[in-house]
Amino acid sequence: NRPVVEETLAPGQAVDGTITIENQGDEPLPMDVYLQDWEYLDGGNGDKLFSAPGTSPWSASAWISYHPSRLTIPPRGTTAVEYTIRVPENARGGHTAVLFFESGLGQLPPDQTGVTVQYTGRIGSLFEINAAGTVQRAGEITELSVSEPSADRPLALTYTFRNTGNVLVRPKAYFNIVDLAGAYLGRGEFPQRYTFPGRSGIASSEWTG
């Protein structure tokens, strides 16, 4: 019920919360619960890198404790996982983690050598935690290009946004088309980008008119 958990806490502060998982099937569903790090990859299209706890420079995995680590959800029922976030005194900027809920989906019969392939699925709650009073949300446009339109090609626009702050930023950009006299001709928008500190996102759009 909480695909994203967002908290802004002062360094040294703690907060408790609950995540509820629903079993929509007709059989009991055992699940393992575990933490990992996550971050947006460079390029800004929203692709994520998941890694072991504590490996990302923006890791918040050590800030989070939870219970239980293994559970079974009854058919058509729900189960809750309780968590606590404790922000260290020296925390600065934004940090992230993900709490995964993983369950076996089935397995293939053993092959001639006795090897069995098991399938698992997992869903996660993304944690985005900011240390209050230390957040620097900043960015810059490092490149901007506008191609000349032609009879068989629309106006093409591309920009590059670089995150120069210390928290993740999801910029959303728009453009207006006006002539030299200031008359409004149209508008458009760019797809949203997803950037971590020090990383860039590239967005393109076009206008026909």
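The values are calculated or read from the model by the stated rules, or taken from the named source; none is laboratory data. This one's a predicted model, so the numbers in the text were calculated from it and none came from an experiment. No Cβ is skipped: glycine too gets one built from the backbone with ideal geometry, and neighbour counts run over all protein chains shown. Note: areas computed on protein heavy atoms with side chains; ligands, DNA, RNA excluded. Shrake-Rupley method; radii C 1.70, N 1.55, O 1.52, S 1.80 Å.
State which residue is farthest from the chain's Cα centre (by Cα) when the search covers only the range 33-81 and only residues that are within 22 Å of Arg92 (Cβ to Cβ) and among the hydroxyl-bearing types (Ser, Thr, Tyr). Only one residue tops the list, namely Ser65. Of the set (1) in a strand (DSSP E or B); (2) closer than 18 Å to Trp38 by Cα; (3) open to solvent by 20 Å² or more (accessible area, probe 1.4 Å), all apply to Thr96 but (3). Residues in the range 38-93 that are of a type in the set (Val, Ile, Thr) and either open to solvent by 50 Å² or more (accessible area, probe 1.4 Å) or assigned to a loop (DSSP other than H, G, I, E, B) (or both): Thr55, Thr72, Thr78, Val87.
Of all residues in the range 65-111, those that are at positive phi and touching a strand residue (DSSP E or B) at 6+ places or on another chain (Cβ under 6 Å) total 1. Quick one: is Gly133 within 18 Å of Pro197 (Cβ to Cβ), out of contact with any strand residue (DSSP E or B) (no Cβ under 9 Å at 6 or more places or on another chain) and surrounded by fewer than 13 Cβ atoms within 10 Å (Cβ to Cβ)? Spelling it out, Gly133 is indeed within 18 Å of Pro197 (Cβ to Cβ), out of contact with any strand residue (DSSP E or B) (no Cβ under 9 Å at 6 or more places or on another chain) and surrounded by fewer than 13 Cβ atoms within 10 Å (Cβ to Cβ).
Looking at the range 140-196, which of the residues that are within 25 Å of the chain's Cα centre (by Cα) and polar (S, T, N, Q) is surrounded by the fewest Cβ atoms within 10 Å (Cβ to Cβ)? The extreme case among them is Thr142. Taking the criterion of being open to solvent by 50 Å² or more (accessible area, probe 1.4 Å), farther than 24 Å from Leu105 by Cα and not in a strand (DSSP E or B), the only residue of the range 1-37 that qualifies is Gln13.
Of the residues making up the range 103-121, those that are exposed (fewer than 15 other Cβ atoms within 10 Å of the Cβ) and either within 20 Å of the chain's Cα centre (by Cα) or not in a loop (DSSP other than H, G, I, E, B) (or both) are Gly104, Leu105, Gly106, Gln107, Gln118, Tyr119, Thr120, Gly121.
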